[in-house]
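Reading through the structure tokens given below for one structure.
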Amino acid sequence: MTYAEMGEKGAEEIKMFTIYFVRNGTYVGVWPHIAVSLTLFQTLQFFEIVNSALGLVKSPLFTTAMQIVARNMVVWLVLNQVHESHTSIGLPMLFVTWSLAEISRFAYYALNLIGLNIYLVTWARYTFFIFNYPIGSLGEIFIIYASLPYIRKRKFLTIELPNPLNASFYFDYFLICSIFSSIYVVPTLYLHMLRQRKKALK
């Protein structure tokens, strides 16, 4: 899948969501209509980490990896496992902001690969995140929070003592830690992206 096609995919995802919302007047129930597309698309973005590592795109490796790993954790280990999370207001928040980010980012990458620099596209690439990133991050937190009681009740990805490894792991505690870590991580990455924006739009 090319960068141009990935950008088109983001636009198609927003179109699907909008049609569902207009027809039904709610986002509740939209997940089955977007699940396969969203899961596949977010998984394919691991290639962006590889492209960043190889220098094929200008995205910083560390921040790119953090964002993609965090997104896939939410998609694979929360949304695809805890169906009760689908009613959270976080679902439309992250879905729409992720899709908008994909449109601008991959349009920018596609043009750069063929040596074109269109200011409007560059501006969108380094501006949309100003509202996309905080809203999307908050959406992820809402979804994780909504899933916690069910993860705890079902003991999903939980390892309790005693066991041969003599170690325990509680996925709900891990997710709680990820929420608290976002208090530091999200502003730090946000400020980093603002600095990147300043450099790119000189």
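The values are calculated or read from the model by the stated rules, or taken from the named source; none is laboratory data. Keep in mind the model is a prediction, meaning the values are calculated, not measured. Methodologically, a virtual Cβ is constructed for each residue, glycine included, from the backbone with ideal geometry; neighbour enumeration extends over all protein chains shown.
Determine whether the range 86-93 contains at least one residue that is of a type in the set (Ser, Thr, Tyr), closer than 17 Å to Pro32 by Cα and surrounded by fewer than 18 Cβ atoms within 10 Å (Cβ to Cβ).
Yes, that holds for at least one residue.
For the range 110-127, which positions are of a type in the set (S, T, N, Q) and either assigned to a helix (DSSP H, G or I) or crowded, with 19+ Cβ neighbours inside 10 Å (or both)?
Asn112, Thr122
For residues in the range 1-33 being β-branched (Val, Ile, Thr) and at pLDDT below 90, which is surrounded by the most Cβ atoms within 10 Å (Cβ to Cβ)?
Among those that are β-branched (Val, Ile, Thr) and at pLDDT below 90, it is Ile14.
Any residue at all in the range 128-147 that's surrounded by fewer than 19 Cβ atoms within 10 Å (Cβ to Cβ), assigned to a helix (DSSP H, G or I) and more than 21 Å from the chain's Cα centre (by Cα)?
Looking for residues that are surrounded by fewer than 19 Cβ atoms within 10 Å (Cβ to Cβ), assigned to a helix (DSSP H, G or I) and more than 21 Å from the chain's Cα centre (by Cα), one finds none in the range 128-147, hence no.
If a residue must be loosely packed, with under 14 Cβ neighbours inside 10 Å and not hydroxyl-bearing (Ser, Thr, Tyr), how many such residues does the range 163-178 contain?
7
Looking at the range 41-59, which of its residues are out of contact with any helix residue (DSSP H, G or I) (no Cβ under 7 Å at 6 or more places or on another chain) and not charged (D, E, K, R)?
Answer for the range 41-59, where residues must be out of contact with any helix residue (DSSP H, G or I) (no Cβ under 7 Å at 6 or more places or on another chain) and not charged (D, E, K, R): Leu44, Phe47, Val50, Asn51, Leu54, Gly55, Leu56.
Could you tell me which of the residues Tyr145, Tyr126, Tyr109 is under 27 Å from Leu77 (Cα atoms), hydroxyl-bearing (Ser, Thr, Tyr) and touching a residue at least 12 places away in the same chain (Cβ under 8 Å)?
Every option except Tyr145 fails the conditions.
Being among the β-branched types (Val, Ile, Thr) and at pLDDT below 95 is the filter here, so list the residues in the range 164-185 that pass it. Show your work before the answer.
Of all residues in the range 164-185, those among the β-branched types (Val, Ile, Thr) come to 176, 179, 183, 185.
Answer for the range 164-185, where residues must be among the β-branched types (Val, Ile, Thr) and at pLDDT below 95: Ile183, Val185.
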